[in-house]
Amino acid sequence: MPASPLDAEDLRSRVAKALDDFLAVQRPILDEVSDDLTPLLDALTDLLAGGKRLRPAFCYWGYRGAGGGDDDAALAAATALELLQACALVHDDVMDGSDTRRGQPAAHRRFATLHRGNAWLGSSEAFGAGAAILLGDLCLSWADELLMSANVPHERLLAGKRVYDVMRTELMAGQYLDLLEQARGGGSAQRAMRVVQYKSAKYTIERPLHLGAALAGADAEISAVYTAYGLPLGEAFQLRDDVLGVFGDPAQTGKPAGDDLREGKRTLLIAYATEKASPAQRAVLQRHLGDPALAAEGVDQLREVISVTGALDHVESLIRELTDRATNALSADIAEPARTVLTDLAVAATARNA
């Protein structure tokens, strides 16, 4: 077994090559339209160079665990999810006003810089946001195109497409609920967990597993095992991401320290801290959370409130509980080596340096 389960059977390198091959086909199509489209594809190429490839991994091993072989069909579907993820990231960064993604300027910032550097007319920020939205839309379209190229029997491809359609709907619904939660000011642990489930948990793990299973022609029992494993693990994954968004090392997260605090993300971590905070601690949360100019001192104050109220310990405990529930759900119905890799992926997806 390789050092990381994400590299089992050289999957990350194979997904990267599949992405490169797909973009190489698309580049001349865009070039024929106009040379001005080169920055669009360059921005996507740079974005796709990063990432852990979690969704492709769960799709691929979902396929293998349901009896599928190591073939191009699984790789095409897995790679399509990386394009869908690129769409989600680009759009999410526009909505959050994020400056960076994977250690480099977010797409909308990159296009705004292009606008300013050429002294074009109008607002650089509006141009950047518009170009990024279009880039995300292009990724969404290309994800469909790549998925539908998977070489499996037609009925299996249609079954996979039904899973994929539900996954996209849940993702967009979760994104809206996240946006709504910021507007409402958060405060509800129940609503925060609903966002976790639909914006991330299902989309990151459960549905990719279901997609792989459908393409392999699996029965309902396999899909049920994948739900019992994937849903709690997806929740644990997002909760870990929330913790890293506050306490993570920028070298690991690719974003400035405390960036989620500047964006005012109403996570379960914040919901628990707000619920347990004293009036003075709540005042600190209200004063600093969502301040785009939040300095290191304010970040430290918010971290202290989150820690002292017990919110951090509570979420860490919940991550452990959910991860244990996920790994215990894997049964002998899941073919090897997929069952072993999925067990290891549960650890990798929820690690403190994930």
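The values are calculated or read from the model by the stated rules, or taken from the named source; none is laboratory data. Everything numeric here is computed off the predicted structure, so don't read it as measured data. Neighbour counts run over all protein chains shown; Cβ positions are idealised from the backbone, glycine included.
The condition (being modelled with pLDDT under 95, under 26 Å from S13 (Cα atoms) and not charged (D, E, K, R)) is satisfied by just one residue among A74, A66: A74. Would you check which residues across segment 330-354 are touching a Phe, Trp or Tyr at 6+ places or on another chain (Cβ under 7 Å), at pLDDT below 95 and assigned to a helix (DSSP H, G or I) and list them? Hit for segment 330-354 is A349, nothing else.
Of the helices (runs of 4 or more DSSP H) contained entirely in segment 143-261, those carrying at least 1 residues that are buried (at least 18 other Cβ atoms within 10 Å of the Cβ) and acidic (D, E) fall at 154-184, 220-247. Within segment 131-189, if we keep just the residues that are over 16 Å from the mean Cα position of the chain (by Cα), at pLDDT 95 or above and charged (D, E, K, R), the residue that is farthest from L89 (Cα to Cα) turns out to be E155. Taken over segment 25-63, the criterion of being among the charged types (D, E, K, R) and more than 30 Å from I222 (Cα to Cα) is satisfied by R27, D31, E32, D35, D36, D42, D46. Look at (1) within 30 Å of L209 (Cα to Cα); (2) in contact with a His (Cβ under 9 Å, 6 or more places away or on another chain); (3) surrounded by fewer than 23 Cβ atoms within 10 Å (Cβ to Cβ) and you find that L138 fails only one, number (2).
When I29 is tested against the conditions (1) within 28 Å of M167 (Cα to Cα); (2) modelled with pLDDT of 95 or more; (3) among the β-branched types (V, I, T), the lone failure is (1).
Yes or no, residue by residue, for (1) touching a residue at least 60 places away in the same chain (Cβ under 8 Å); (2) more than 14 Å from the chain's Cα centre (by Cα):
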position: Q238; (1), (2): no, no
position: L244; (1), (2): yes, no
position: Q252; (1), (2): yes, yes
position: D259; (1), (2): yes, yes
position: I270; (1), (2): yes, yes
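With respect to A335, is the statement that it is farther than 20 Å from R287 by Cβ and either more than 26 Å from the chain's Cα centre (by Cα) or surrounded by 13 or more Cβ atoms within 10 Å (Cβ to Cβ) (or both) true? Considered against the rule, which asks whether it is farther than 20 Å from R287 by Cβ and either more than 26 Å from the chain's Cα centre (by Cα) or surrounded by 13 or more Cβ atoms within 10 Å (Cβ to Cβ) (or both), A335 comes out as yes.
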